[in-house]
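Data first, discussion second: the structure below is written as structure tokens.
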Amino acid sequence: MKIDPFKLYAEEYDDWFEKHSNIYESELNALREFINDGYNGIEIGSGTGRFSIPLKIPIGVEPSTEMAEIARLRGMRVVNARAEDLPFEKGIFDFTLFVTTICFLDSIGRSFMEASRITRDSGFIVIAFIDKNSTIGKLYRKKKNEILFYKKAVFYSVKQVLYYLIKAGFSDFSYRQTLGTLNDDTVHPVEEGFGKRGFVVIKGIKK
């Protein structure tokens, strides 16, 4: 299973954010461009709460019970479920968020359809991921068998992600990007668009 490393090495995953604080902060800054206070949102694949908590998202979905327990200790409400089968009613959230989650999904198409179902009309989705065509994406793909959490990962391009988002009923896309390299000496800038940096954030509006 793609989530096995996250069950077996939850604490090691969580420690990564402490060891790479500038990369982590760069990613958070890119997400903050689209996620503000006052929205009722949910993170799908919320892990240990490293993104949900600073972004003030009180609820998440996480299939790894080990990672979910760490997030609960930090004050999050976490539902043990999979992105492909979300246990929520139609249209109850203002937005859904996926952060570096899509490469571990069993079905990206089904997951985006489920996200669309639980998002209200005129709500939005935010997808953050490593663009497989970027310098970082190419490095991860080349060395994926050497990286504990990426051995079974499937990387996507921006074009591929947009294909599934459009099929799920999202449009009017906006983009942010950061991390030109994996240098952790400083916080990286956030830019509009995509194609220059490895960490891409896409926001789409539900029709």
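Each reported figure results from applying straightforward, stated rules to the coordinates on display, with no laboratory input. Predicted, not measured: the structure shown is a model, and the values here were computed from it. Virtual Cβ from ideal backbone geometry, glycine too; neighbours counted across all protein chains shown.
Just subtract the alpha-carbon distance of residue 15 and residue 69 from 0.36 nm times their residue separation and send over the number in nm, one decimal.
Stretched fully, the residue 15-residue 69 segment lengthens by 17.9 nm.
I'd like the chymotrypsin sites (Phe, Trp or Tyr not before Pro) in segment 59-119 restricted to DSSP loop residues with at most 12 other Cβ atoms within 10 Å, sorted by number.
none
Could you give P(r) for the chain, binned at 5 Å from zero, as whole percent values over all Cα-Cα pairs?
Distribution as computed: 1, 8, 16, 21, 23, 18, 10, 2, 0 percent.
Set the bar at 19 Å for Cα to Cα. Now go through 132/196; 132/159; 159/203; 56/159; 132/152; 56/167 and name every pair that lies beyond it.
Checking Cα-Cα distances, 56/159; 56/167 exceed 19 Å.
Mind checking the full-extension length gain between residue 174 and residue 106? Use 0.36 nm per residue of separation minus the Cα-Cα distance, one decimal, nm.
21.9 nm
When you count, for each residue, the other Cβ atoms within 10 Å and take the mean per peptide, how do 43-52, 194-203 rank with the highest first?
Highest to lowest by the protection proxy: 43-52, 194-203.
Could you name the aspartates and glutamates in cross-link range of residue 19, using Cα to Cα under 15 Å and dropping any fewer than eight places away on the same chain?
11, 27, 184, 185
For segment 4-206, calculate the relative contact order in percent as a whole number, restricting contacts to Cα pairs under 8 Å that are 6 or more residues apart.
Once divided by the residue count of segment 4-206, the mean separation gives 22 percent.
Under a cut-off of 15 Å between alpha-carbon atoms, report the aspartates and glutamates in cross-link reach of residue 144, not counting same-chain residues fewer than 8 places apart.
Filter leaves 131.
How high is the FRET efficiency between residue 185 and residue 151 when r is their beta carbon distance and R₀ equals 30 Å, given to the nearest 0.05?
That gives a FRET efficiency of 0.60.
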